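Here is the structure we will look at.
The values are calculated or read from the model by the stated rules, or taken from the named source; none is laboratory data. Keep in mind it's a predicted model, so treat the numbers as computed, not measured. Every residue, glycine as well, gets a Cβ built from its backbone with ideal geometry; the counts of neighbours run over all protein chains shown. Just the protein is used for accessible areas: all its heavy atoms, side chains included, with ligands, DNA and RNA removed. Shrake-Rupley method; radii C 1.70, N 1.55, O 1.52, S 1.80 Å.
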Amino acid sequence: MKLAILGVGNVGKTVAQLSGEYGHSVVAMADSKNAIVNPKGIDVGVALEQKSNQMPLGDASLEDVFDSNYDALIEATPTTLKSAEPAFSHIKMALEADRHVVLANKGPAAERFEELQSIADGSKGTLRFEATVGGAIPILSTIEDINPKTVTSVKGILNGTSNFILTRMAAKNLSYSHVLSEAQELGVAEADPIFDVGGIDTALKCVIISNILSGGGFRLSDAEVEGIQHISNHALNLADKSGLTIRLIGEATREGVNVAPVLVPKTEDLAVEGTQNIVRIVTEHGGILSLAGSGAGGGPTASAIFLDLQRLIV
Amino acid sequence: MLEPISSSGGNLLSIFHERGDITPRGEIPVEIDLECSPDQFESILSTYSDLDIHVTQTGEELYEGELIVLLIGDAISNNLSSVIASIDASGSVAVIESSVNRSIESPTEASSILRLAIKEGDQIQAVDSVRSIVSGYDLHFMTTTDNGVPQ
């Protein structure tokens, strides 16, 4: 497929770099300031080298990207809340032009799900957003395949940053602030970590899942959210003596979304360590399915985007 | 005197000698609080009878489940007994066991794990009840994943 990529951060860049390996070409690419378009395919290496040297990607405009001969738009701009702009407008423009859209940006699917579905219903293009939840773990595709109507709930760990912090605090008896600083130095946590440690990122993913289970109706503001900022190493030690640990667990059902720290038996599958993610999909007829893997980062998120693109081809 | 309880597999919770209420025959009544199954209870009563110890009154409260909660906050350091008394007074749950861990750097910061017995009824209701009680002490509350909701 011919791809147009909006957003050249970690995810957008990785999709561009791996697109040839998956049989796709990149015909347009834009960051927040500049764009490059080539109907015959962009030399991704050269374009990314330009960007890494603080040079413009190219001399094209965002309008040129939408006028290009792309088959699928990859929306990988930074997640924004409430209006979910400019991502929402990007998706709308592509779908109204009957092109496919693959989302990595959580904002539109969490905050404006019904509007997106309505626009997608009137388009010959298809909207997919596997990469918005759980990185490389095919959570949404699995729910889609087994039929969302037969899924009772989805519960698990959907934020690698908070899981890394809790794991390390427990393993080394270190304070929250100490491990947060380490995580920031390692690039596991953002300079402003509230999105991850405050449970917002997990909540957005759960809102998307609840929207899928119930056909829409949920926003981030509907979610009950508690983060891990108040978790202490003495609490983790105490839990450890009882064979338990603490994990930030999100749960999505048709009734709503809950995100909070929870006591988890250390022997349970939910007690994954480090930046790993895991979900339990509870089904009406198939029992409980557990899926685990890398929940974030360029490679894992790009692999989810390629999974969506593969489904568009099939 | 407590051997019949332990040998039957019961769990002694408390023992209280009512020294201010000595019987006309000069005996000191003893109130024992314990947890055990109905069969164990019959065995304990039978053993006391064999030992010629008079059990004058028994009462029972049925607890069907167990709940583990972890609390974090200053009230653990300065008001834990009040927290436990409030939970016990709720009537729906009873505190069986508590353990406390304090911060080395800041001793006022502490956490506690409570093992609670739940009376017959809805476990989720018991969770909500305890959560509501401890929020009055400004404590962070969490419980295990098997309580249906992740809080």
Practice prompt. Starting from 0 in steps of 10 Å, tell me what percent of the Cα-Cα pairs of the range A:48-206 lands in each bin.
Written response: 9, 29, 31, 22, 8, 1
Practice prompt. Using amide H atoms built 1.01 Å from N in the peptide plane, name the residues 5+ places from A:Val101, or on other chains, whose amide H lies under 5 Å from its own.
Written response: A:Leu73, A:Thr126, A:Leu127, A:Arg128
Worksheet item: For the protein assembly as shown, what is the mean residue ellipticity at 222 nm derived from helices alone (per DSSP H run of n ≥ 4: -39500 (n - 2.57); sum divided by total residues; nearest 500 deg cm²/dmol)?
Response: -11000 deg cm²/dmol
Response to the item:
At the level of C-alpha centres, the distance separating the range B:35-69 and the range A:248-274, in angstrom, is 38
Worksheet entry | Phi to ³J(HN,Hα) by Karplus 6.51 cos²θ - 1.76 cosθ + 1.60 over the range B:82-90, Hz, x for Gly, Pro | 5, 4, 5, 4, 5, 5, 4, 5, 5
Fill in: Rounded to the nearest 20 debye, dipole of the range B:39-124 from Cβ charges on Lys, Arg, Asp, Glu
400
Response to the item:
Given all pairs of distinct Cα atoms, the range A:59-134 yields a Kirkwood Rh in Å of 12.3
Practice prompt. Treating the Cα atoms of the protein assembly as shown as identical point scatterers in vacuum, please give the log10 of the normalised Debye intensity I(q)/I(0) at q = 0.08, 0.14 Å⁻¹, two decimals.
Written response: -0.58, -1.25
Discussion item. With a 10 Å cut-off between alpha carbons and a GNM built on chain B, which of B:Phe41, B:Phe16, B:Phe141 moves the most?
Written reply: B:Phe16
Practice prompt. Please build a GNM for chain A, connecting alpha carbons under 10 Å apart, and tell me which residue among A:Asp121, A:Asp196, A:Asp31 fluctuates the most.
Written response: A:Asp121
Item to complete: Go through the range B:129-145 and flag every residue whose accessible area shrinks by 10 Å² or more with all protein chains in place compared to the isolated chain (probe 1.4 Å).
Response: B:His140, B:Phe141, B:Met142, B:Thr143, B:Thr144, B:Thr145
Item to complete: With the full set of protein chains in place, find how many percent of the accessible area of chain B is carbon and sulfur; take the probe as 1.4 Å.
Response: 47
Discussion item. For A:Val26, what residues show an amide H to amide H distance below 5 Å, using hydrogens built from the backbone and excluding near sequence neighbours?
Written reply: A:Leu3, A:Ile42
Worksheet, complete the sentence: Taking the convex hull of the alpha-carbon atoms of the range B:43-151 and averaging its shadow over every direction gives an area in square nanometres of 9.0
Discussion item. Along the charge dipole of the protein assembly as shown, pointing to its positive end and built from +1/-1 on Cβ of Lys, Arg, Asp and Glu, which listed residue (A:Gly58, A:Tyr22, A:Ala110) has its Cα farthest out?
Written reply: A:Gly58
Discussion item. Averaged over its residues, how many other protein chain Cβ atoms are within 10 Å of peptide A:236-243's Cβ atoms?
Written reply: 4
Discussion item. Report, to one decimal in Å, the Kirkwood hydrodynamic radius for the range A:180-309 based on all distinct Cα pairs.
Written reply: 16.2
Discussion item. Once you order the gyration tensor axes a ≥ b ≥ c over the Cα atoms, which shape class does the range A:140-220 get: rounded for a/c under 1.5, otherwise prolate or oblate by comparing a/b with b/c?
Written reply: prolate
Item to complete: Could you tally the net charge around A:Lys172, taking each other residue with its Cβ under 13 Å from the Cβ of A:Lys172, Lys/Arg +1 and Asp/Glu -1?
Response: -2
Practice prompt. Once you've got the GNM for chain B with C-alpha springs shorter than 10 Å, pick whichever of B:Arg131, B:Arg19, B:Arg115 has the biggest mean-square fluctuation.
Written response: B:Arg19
Fill in: Rounded Å value of the spacing that divides the Cα centres of the range A:93-117 and the range A:22-49
21
Worksheet entry | Solvent exposure of the range A:1-125 as accessible area per residue, Å², 1.4 Å probe | 46
Response to the item:
With the charge dipole of the protein assembly as shown built from beta-carbon charges (+1 for Lys and Arg, -1 for Asp and Glu) about the Cα centre, the Cα from B:His140, A:Leu140, A:Ile36 projecting farthest to the positive end belongs to A:Ile36
Item to complete: Would you mind checking the radius of gyration and Dmax of the range A:1-112 based on alpha-carbon positions, in Å?
Response: 12.9, 37
Worksheet item: Quick one: Karplus J couplings for the range A:72-83, per residue in order, coefficients 6.51, -1.76, 1.60, θ = phi - 60°, nearest Hz, x for Gly and Pro?
Response: 9, 8, 9, 8, 10, 6, x, 5, 10, 9, 6, 6
Item to complete: Name the residues whose placed amide hydrogens come within less than 5 Å of the amide hydrogen of A:Asn34, ignoring near sequence neighbours (fewer than 5 apart) on the same chain.
Response: A:Leu57
Discussion item. Out of all DSSP beta bridges in chain A, what portion is antiparallel? Express it as a percent rounded to 5.
Written reply: 65
Worksheet, complete the sentence: In the range A:1-48 the DSSP beta bridges are antiparallel at a rate, in percent to nearest 5, of 40
Discussion item. If DNA, RNA and ligands are ignored and the probe is 1.4 Å, what is the ranking of A:Ser61, B:Ser6 by accessible area, most exposed first?
Written reply: B:Ser6, A:Ser61
Discussion item. Residue by residue through B:72-85, how many Cβ atoms from other chains fall within 10 Å of the Cβ on average?
Written reply: 1
Fill in: Phi to ³J(HN,Hα) by Karplus 6.51 cos²θ - 1.76 cosθ + 1.60 over the range A:124-131, Hz, x for Gly, Pro
7, x, 10, 9, 9, 8, 4, 6
